[in-house]
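Trainee: After the structure tokens below, expect a handful of questions from me.
What follows draws every value from the coordinates through simple rules; no lab data is involved. Treat the numbers as computed from the prediction; the structure is a model and nothing was measured. All Cβ positions, even for glycine, are placed from backbone atoms using ideal geometry, and neighbour counts span all protein chains on display.
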Amino acid sequence: MKIDLHVHTRDRSPCGRATEEEQIRAAVAAGLDAIYFTDHYHFCPSTHLAELNQRYAPFFIFNGIEVTADGEDFLVLGQFDPALERVDWDYPALYQCVRGGGGFLILAHPYRYHTAITADIEQYPPDAIELHSYNTPPSAEAEIRAIAARLGLRLLSNTDAHSSERLGNYYNILPDGVCDEAAVLASLRAGQIELFQSDLVAVR
């Protein structure tokens, strides 16, 4: 399965420039098998998500969210909890919420805004960290790899796409046979991930 875990839409993210259907169609055209909608502080309504999945099958669309806490952005996958749509999270509380709810926690685009990671991931390590994305500085790759090795984090490659032309340039390859969200999360937790980065974006 080729999957992008970090996609925004203008339907729910003020910074989004493409509609959810434009993002889906672009992902299909790019050869992806699935995406997560990870809009800022907003989930895609579950009934609407089911309609999209029926309309675009066998392509998969999953529900995630992006939350800011202690100056860093985090993706939460596998946990559809309306409490995550709050805008006043501190990172330890977010960490405890995701751990208690069985979600998967990703530090998104580290070093995008700061020269150091401002959330206490040493004491509260997420499950994964984005090594590649349009908003992850390539100059930080060695430091991100070192953090991942020290804390036992999975490395990920996602577009953080806000517009449709970016879909397909970064994604994660999961094992054959992954066909639902439970299997996606199990593969991520097991580290059964191959990262893809297009040569077109290797130098930015």
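Trainee: Give ALA50, ALA93 a once-over and let me know the one that is surrounded by fewer than 22 Cβ atoms within 10 Å (Cβ to Cβ), hydrophobic (A, V, I, L, M, F, W, C), closer than 20 Å to ASP127 by Cα and out of contact with any helix residue (DSSP H, G or I) (no Cβ under 8 Å at 6 or more places or on another chain).
Mentor: ALA93
Trainee: Just give me the residues in segment 148-180 being farther than 20 Å from TYR111 by Cα and surrounded by fewer than 16 Cβ atoms within 10 Å (Cβ to Cβ), in sequence order.
Mentor: Matches in segment 148-180: GLU165, PRO175, ASP176, GLY177, CYS179, ASP180.
Trainee: Which residue out of GLU122, GLU130 is touching a Leu at 6+ places or on another chain (Cβ under 9 Å), assigned to a strand (DSSP E or B) and among the charged types (D, E, K, R)?
Mentor: The unique qualifying residue is GLU130.
Trainee: What is the residue count in segment 88-115 for residues that are assigned to a loop (DSSP other than H, G, I, E, B) and without any contact (Cβ under 8 Å) to a residue 12 or more places away in the chain? Can you show your working first?
Mentor: Restricting attention to segment 88-115, the residues satisfying the condition of being assigned to a loop (DSSP other than H, G, I, E, B) are 88-90, 102-103, 108-115.
Still in the list and also without any contact (Cβ under 8 Å) to a residue 12 or more places away in the chain: 88, 115.
The total comes to 2.
Trainee: Within segment 77-87, restricting attention to residues that are of a type in the set (A, V, I, L, M, F, W, C) and assigned to a helix (DSSP H, G or I), which residue is surrounded by the most Cβ atoms within 10 Å (Cβ to Cβ)?
Mentor: Once the filter is applied, the top-ranked residue is LEU84.
Trainee: For segment 1-41, which residues satisfy the criterion of being aromatic (Phe, Trp, Tyr) and not in a loop (DSSP other than H, G, I, E, B)?
Mentor: Hits for segment 1-41 are TYR36, PHE37.
Trainee: Right, next: Check segment 141-153 and report whether any residue there is under 28 Å from ARG17 (Cα atoms), outside any strand (DSSP E or B), within 14 Å of the chain's Cα centre (by Cα) and not hydrophobic (A, V, I, L, M, F, W, C).
Mentor: Looking through segment 141-153, none of the residues is under 28 Å from ARG17 (Cα atoms), outside any strand (DSSP E or B), within 14 Å of the chain's Cα centre (by Cα) and not hydrophobic (A, V, I, L, M, F, W, C).
Trainee: What's the total number of residues in segment 156-181 that are at negative phi, of a type in the set (Gly, Ala, Ser) and in a loop (DSSP other than H, G, I, E, B)?
Mentor: 1
Trainee: Scanning for something loosely packed, with under 14 Cβ neighbours inside 10 Å, in contact (Cβ under 8 Å) with a residue 40 or more places away in the chain and outside any helix (DSSP H, G or I), does segment 62-75 turn up at least one residue?
Mentor: yes
Trainee: Quick check on this structure: which one of ALA108, ALA119, ALA128 is more than 16 Å from the chain's Cα centre (by Cα), surrounded by 15 or more Cβ atoms within 10 Å (Cβ to Cβ), among the small types (Gly, Ala, Ser) and closer than 16 Å to VAL67 by Cα?
Mentor: The unique qualifying residue is ALA119.
Trainee: Here's something else I'd like to know. Filter segment 131-142 down to residues that are surrounded by fewer than 18 Cβ atoms within 10 Å (Cβ to Cβ), touching a residue at least 60 places away in the same chain (Cβ under 8 Å) and touching a strand residue (DSSP E or B) at 6+ places or on another chain (Cβ under 7 Å), then give me how many there are.
Mentor: 0
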